[in-house]
Every structure is written in structure tokens, then in C-alpha cells.
Amino acid sequence: MKQTWSGALCCFLVLVAQVQCLKYRPHRVRTQKARLPVTVKSTRTALSQHSNVIQEAQCKIQPQDLVFIIDSSRSVRPQEFEKVRVFLANMIDTLDVGPDRTRVAILNYASTVKEEFMLKTYSNKKDMKQAVYQIEPLSTGTMTGLAIESAMNKAFTKSSGARPEELGISKVAIIVTDGRPQDQVAEISASARASGIEIYAVGVDRADMQSLRLMASEPLDDHVFYVETYGVIEKLTSKFMETLCERVAGVDFCAVGNHDCQQVCVSTARSYYCRCRPGFTLNEDQKTCSRVNVCAIGNHDCEQLCINTTTGYSCKCRPGFILNEDQKTCSRENMCAIGDHDCEHICVSTATSYYCRCRPGFTLNEDQKTCSREDMCAAGNHDCEQICVSTATSYYCRCHPGFTLNEDQKTCSRENMCAIGDHDCEHICVSTATSYYCRCRPGFTLNEDQKTCSREDMCAAGNHDCEQICVSTATSYYCRCHPGFTLNEDQKTCSRENMCAIGNHDCEHICVSTATSYYCRCRLGFTLNEDQKTCSRLDACAIGDHDCEQICVSTATSYYCRCRPGFTLNRDLKTCSRLNRCATGNHDCEQICVNTTTGYNCRCRPGFILNEDQKTCSRVDLCAIGNHDCEQICVSTATGYHCKCRTGFILNEDQKTCAKEAQRKITIQDPCKCEALLDFQRDVESNFQALASKIDHVTKKMQAFENELGRF
């Protein structure tokens, strides 16, 4: 009887606790501790654990490509950045991480963007968290737009580990910042959202709320968060966990077995795809698997021989080799060490075999095995500079006549024949390393006998520095100039008389002096005739001698520029600019005209969509396509839509969200819902205390009743 009452009481407590908990969602509220009976505390703990299990199971259903974009500018203090590391580590703990589940990347930014790790870098939480705690702040500016652009163009790409769009994997970016961006974020954020990236913006302390709203995805109430300090940022972990879990919809086909994969089923947001176990490859039907002939396709790491097995492959070595401990590479048996060779003198091992060598003073015979003593002089295997003399056991060096052997007994030095007068030069003797040669004094030239000298004609030999004419004398030479030139003061160079300046020319228009004469040129708009003297007017447009960007029009004296239809001539009277057809109304767009570099295109106002004619627009049913921010019911109108609430709820002042009629007063008085939720918590705790009191009263009556039964 006692056990029956206890069981009924426990079920009653669980039911009451569930009813109370369904009225209250525990995020964004600071929980206060209360003294509750042990039974009530245990029930709340069990319910909390049950909720966590359900929430964790939901998170494991939905794979995601998740990129954190973390602000580490100079405004973030070191102890605050440590809180960011803790927040990232806690977030990673809540995720179902894996190559086929959620992939995580982190971008660290300030004035520049640093890719801490990409989506394909780590596949487990331990390595990710270790990398998180090694992140260092950059401590410069706040280029948030640059960071979002880097996430879109680098982090969310296939090469960095992002999965193809056809798999339906969600792309999520979470931005954490405490300041105002120093660059533009609106346009790049819109591009990122248009590419399929869902953006959450978290502001801390001094963060600019307007910038957060420009970056975040719609609805903003679900994608913009704010905390007063970095000290409480980790409390957003549970909120993000709940938010990301709420993204799950539909059925996990793999979990319920509703698939036709032969080996491995991988769930996606909307469906599933098949994979094969290691050693197998997916067939063309994308469902069944066939074993891979690893050896045939070369997909193995054996150094020499690959042998297929029923489970994969194994490695073997060719004859003369043995398999190393890694069971992959092979090492040659050292045939020299084990004496398995036929070298007469020296055996030298190689990676694949061996070869023979001989001791010094011997040469290897043609059989590449035996050795014979060599004539080192005949073989050139010596270091004598001039003469090598073989001996029975070795060799020695000697020098040619006129040379002496140096102290090294190898090299030779020439006796200086010029110094000892042992030469036949008439003028100058020049010693060389091996002999000598003759030279002559200046003004003389060496005769054919290479010994005697004769005085030279410096002008004839070109051994002078006259610019034009050299005149020889008995002892030297002097310089002169051609007619029409005068000798300069240096008595070597000549200057032309300026024939243009003195009018000594036959040019019709312009005379141009040169160093040696002159030539003729024509005035602008004329061309020089074949006689190189007279000029004729030219058609600048016909020959392309103009600077018009589009159309050149010739005139009697010159030319002028014009533009093609649709263009107007600029102030420089040369270049052309396209007419603004949108500004002039020269278009057929029904709503909005947008100029382009080549013309224009049409766009529609918000709430409309461009028709196939690319000109007219049709209104979009925003409620039907889900492009609205109503919390409960969206009602389409002729011009847009408005929001309504279900029975038992009333529309809040924002005309989007709904509140129960009983909580309307609390919502109006406390827009942040903080005080309302605290009041609600106090009511719950009061109810639990009252319930505990009633339980004590019932318990006492039970004990009294049992005592009465005991008397009988």
C-alpha cells in the first residue's frame, strides 16, 4: 500500500513539473537558486537532463558548415579575448562535429583577416578546441566587411571544405564584435546572404547595433544578439544551441531506415546521400558499392609489390629485398656485408645491388670485378703539371727545359727570360707564365717577325681621336674638318654650321638642323612629299592620325570629333560618354531602370518580381513564399501583407510578434521580458513551495492512516 502511494505521488510530481516547464523557456534569463524539497529538485534535474538529451539528439540530425568570424581589434582586451576563446570552445562542445556532420571554421579579423582554420582542417572537437586556445588577437582596426567578404569567397568554398549546394547543407556565419566597422558592411553582407549564408551578429559592450542589423539575416530578432560585456558572452552558448537546433525540420531518413543505401547513409537537411566503407567505391546508381582493386588503380602505398586481399591489400618485395617494419617499404639485402659478391678488391653496396672498386694504384678490368696495377702516368692519374715519370711502384714529376720544379714537386715555374736578358725583343720584353713576347713603344708598331718595331702612320692605323679628318706628320698627326664644319677648341671634334639658321636650305615648311646637316618637316595637317622638301595637306581622319574616340570628321584645314548615337561628346571634344537612358527616360522599364556600362536593365520595387520580358513586374505573394517576419499568421494584401495571431494571442506593438493575452500587460511594461520572466520564475517557485507544503501535509496524513492500520 505504501509503495502504491509513493509511485502515484512521483507521477503526480513529474506531471506538475512538466506543465510548469512548458510555460517557460530557460534562455536569456539569469536563474536564481531556491530552496526546494529534495523530490522537486530531483524532478527538475531529470527534466533538464531529458531536455538536454532531446536537444542534443536534434542537433545531431542537422549537418552544417559553420564559420565563426571573431573581432580581435585593439578595443578587445586580452582578458576579454580569453572569454571569446571560452565561448568558441563551449560552442564547439555543443555541436555534432564530423566530416559528414557539422564542419567548423574560424576567421580572426581586425584590419586584416587571418584564417585560423578552415572547414576541412579538423574533424574532431579536441583538435578544434586546442586550435581555439592558440588564437592570438590581431590588435589593429575593425574591418568587418573585409572579414565577411573573406568568409564568402574563401571559407565557404569547396576548396576550403564547404559542401556542394546540392547536398542542402546549411551555411551559417556567426560574427562577434564589440565596435563599429571601419568599412562598409551593408552591400557585402547582402551579397553573402544572397549566396545562401545565414548570418548571426553578436554585439558586445560598445558594438554598433545599426551595423549588427545591417549584417544579420532576417528576421533580425532571431539573428541579432547583444551582451553588455565579454564576461557573459558564454551564456549565449545555450541560446545558439537552441537556435541552431530549431533549424531541424523533416525526417532523418537515415535514422528511420527510409533509404536504399547499400552501406553508409548520410543525412542532409532535406534528404540523404550514400557513401561506401573504406576499400569500396560508389557505383553509378549512387546507392550500391563495389570493392576497389586497390593494387590495380594504384591506390596503395607499397614501395614495390601490391597484393590484393579479401579485405584490402598487402605489400611484398622483389627478390633480393626484405619488407621493412612499416610493412610498406623495402630494403636491399647488403650483399657486400654478407659476402655474396665476386669483387677482387672492394665491394660497394647500393640501394638496389652492388658494384666493385680497386685499391689505390690499381684499375678495374673489363669484367668489372678483378683489378690490375695501373701506369698512373699513362692513365693520367697523377698531379704533375708538365712531365710524369712512371716508376715500379708509383711516379714522380719533372719540368720542360726553361722551367724549374717547385717545392711541391708537382708544379713548374718559368725562368724569367726578360729579366736575365735571354730574349730578342727590339723594344720591350714581356714575361709570361711559360715564355715571353715582344711589344713596341708608343708610336711604333710590331713587325711581322714579332721582334722588331717600325714607326706607324697613326692616321692610317686609326690610332687617333680626330672626329672627321686625321693628317699625319713626321712625328705625330693633327685634326681637320669637312667643308661646312668648323674645328672645335678641343682640336679634335667638329661642329656643323647651322644651315637652317643661315637659310642655306630648300625646305618648304620647316627646316630641322642635325649634327651633320639638316632635314625638312611639315606643319600640322600636312605630309612630306617624296622629294623630302615640299609638303601636301593630308586627310587626318583617313590615315587615322587623330585622337577621336569614336568618329573623326575631316575639314578643309583639319578635323573634328563626333560620337555614335546614344553617346555624347565630352568637354575634351575627343572622348564620348554613354547617354544616361534611365535619366532621360529613353527606356521601357515598368518600374526601375538601372544604367549599365553597355546600356540599362530593369528591376522591380520590393514586393514585385521581374517578368520574363525583363521589363514588366508582377506582385509577389510574400506570405506564400515565406518572405515575411510574422511570428504566427501572415495575411496577404493588395500592396503587401500584415500579421495576425492565433486564438488566445494578441499582436504586440511591433505588429509582428504575438503574446498570450494574460501576458500582454507584462510585455507592454517590460519590452525586454526580463522582469516579466523573473516574476514568472517567482510565481513558479512560489507554486513549488505551496506544493511542497501540501505534500508534507499529505505525507503526515498518510503516516497517521498507516499507524491506524497498524493497530488493527
(message) If R₀ is 41 angstrom, what is the calculated FRET efficiency for the pair residue 348 and residue 309, using the beta carbon separation as r and rounding to 0.05?
(response) 0.60
(request) Would you calculate the separation in nanometres between label points at residue 372 and residue 157, each defined as 7 Å from the Cα along the Cα-to-beta-carbon direction? (result) 6.9
(message) Can you compute log10 of I(q)/I(0) for segment 316-450 with the Debye formula, treating each Cα as one identical point scatterer, at q = 0.16 Å⁻¹?
(response) -0.93
(message) Using all alpha carbons of segment 59-147, what is the percent of pairwise distances in each 10 Å bin, ordered from the shortest bin to the longest?
(response) 18, 49, 28, 6
(request) Using Cα centres only, tell me the gap between segment 450-474 and segment 292-360 in whole Å. (result) 78
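Rg(Cα) of segment 416-487 divided by 2.2 N^0.38 Å?
Details: Rg = 17.4 Å, N = 72, 2.2 N^0.38 = 11.2 Å.
Against the compact-globule rule of thumb, the ratio is 1.55.
Show that you can apply the helix-only estimate: for the chain, add -39,500 (n - 2.57) for every DSSP H stretch of four or more residues, divide by all residues, and state [θ] at 222 nm to the nearest 500. Don't jump to the answer; show the numbers that get you there.
Numbers: 17 runs with 173 residues, N = 712.
Calculated from helices alone, the mean residue ellipticity at 222 nm is -7000 deg cm²/dmol.
I need to check one value: relative contact order of the chain, counting alpha carbon pairs closer than 8 Å and at least 6 residues apart, in percent. Write down the numbers at each step before the final one.
Working: 1095 pairs, mean separation 35.8, N = 712.
Taking the mean separation of contacting Cα pairs over the length of the chain, I get 5 percent.
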(message) 5 Å is the cut-off here: which amide hydrogens, built 1.01 Å from N in the peptide plane, fall below it relative to residue 67, excluding neighbours closer than 5 in sequence?
(response) 105, 172, 173, 174
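Out of segment 593-648, which trypsin sites (Lys or Arg not before Pro) are coil in DSSP terms and have no more than 10 other C-beta atoms within 10 Å? Could you put the intermediate results ahead of the total?
Details: sites: 603, 615, 619, 644, 646; in loops: 615, 646.
Those that pass, being in a loop and sparsely packed, are 646.
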(request) Any of 83/120; 83/158; 451/492; 83/129 with alpha carbons more than 22 Å apart? Name them for me. (result) 83/120; 83/158; 451/492
(message) To make sure I understand the rule: partners must be aspartates and glutamates, Cα under 18 Å from the Cα of residue 287, and not fewer than 8 residues away in the same chain. Which ones qualify?
(response) 100, 166, 252, 260
(request) Calculate the radius of gyration of the Cα atoms of segment 589-628 to one decimal place, then report Dmax, the largest Cα-Cα distance, as a whole number, both in Å. (result) 11.7, 37
(message) Quick check: pseudo-label points 7 Å beyond the Cα along Cα→Cβ at residue 183 and residue 228, how many nm apart are they?
(response) 3.4
(request) Using R₀ = 60 Å, calculate the FRET efficiency as 1/(1 + (r/R₀)^6) where r is the Cβ-Cβ separation of residue 661 and residue 577; round to 0.05. (result) 0.40
(request) For segment 360-439, just list the percent of Cα-Cα distances falling in each 10 Å bin from zero outward, please. (result) 17, 31, 22, 16, 9, 4, 0
(request) Give me the angle, in degrees from 0 to 90, between the Cα long axis of helix 38-59 and the longest principal axis of the Cα atoms of the chain, rounded to the nearest 10. (result) 40
(request) Kindly report, to the nearest 10 Å², the accessible surface of residue 187 as traced by a 1.4 Å probe over protein heavy atoms only. (result) 150
(request) Note the angle between two axes, namely the Cα long axis of helix 2-22 and the longest principal axis of the Cα atoms of the chain, as a number of degrees from 0 to 90, rounded to the nearest 10. (result) 50
(request) Compute, for residue 313, the solvent-accessible surface of its heavy atoms (probe 1.4 Å) with the complete set of protein chains present, and express it in square angstrom to the nearest 10. (result) 80
(request) Return the tail of the calculated pair distribution for the chain, meaning the percent of Cα-Cα pairs more than 38 Å apart. (result) 72
(request) For an R0 of 35 angstrom, estimate the FRET efficiency from the Cβ-Cβ distance between residue 239 and residue 621 and round to the nearest 0.05. (result) 0.60
(request) Could you do me a favour and compute the accessible area per residue for the chain, 1.4 Å probe, result in Å²? (result) 62
(request) Subtract the Cα-Cα distance of residue 550 and residue 338 from 0.36 nm times their separation in residues, and report this length gain in nm to one decimal. (result) 67.5 nm
(request) Work out the charge dipole of segment 519-665 with +1 on the Cβ of Lys and Arg and -1 on the Cβ of Asp and Glu about the Cα centre, then indicate which of 536, 575, 618 is farthest towards its positive end. (result) 618
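When only the heavy atoms of the protein chains count and the probe is 1.4 Å, how do 700, 154 rank by accessible area, highest first?
Working: 700 140, 154 105 Å².
Most to least solvent-accessible, the answer reads 700, 154.
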(request) For the chain, find the longest principal axis of its Cα atoms and tell me its angle to the long axis of helix 78-94, 0 to 90°, nearest 10. (result) 70
(message) Taking the full set of protein chains and a 1.4 angstrom probe, give the accessible area of residue 221 in square angstrom, rounded to the nearest 10.
(response) 100
(request) Have a look at segment 316-371 and give its Rg and Dmax from the Cα atoms, expressed in angstrom. (result) 14.0, 45
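The values are calculated or read from the model by the stated rules, or taken from the named source; none is laboratory data. Computed from a predicted model, the values in this text were never measured in an experiment. Positions of Cβ are backbone-derived with ideal geometry, glycine not excepted, and every protein chain shown enters the neighbour counts. Surface areas here come from the heavy atoms of the whole protein model, side chains and all, with no ligands, DNA or RNA. Shrake-Rupley method; radii C 1.70, N 1.55, O 1.52, S 1.80 Å.
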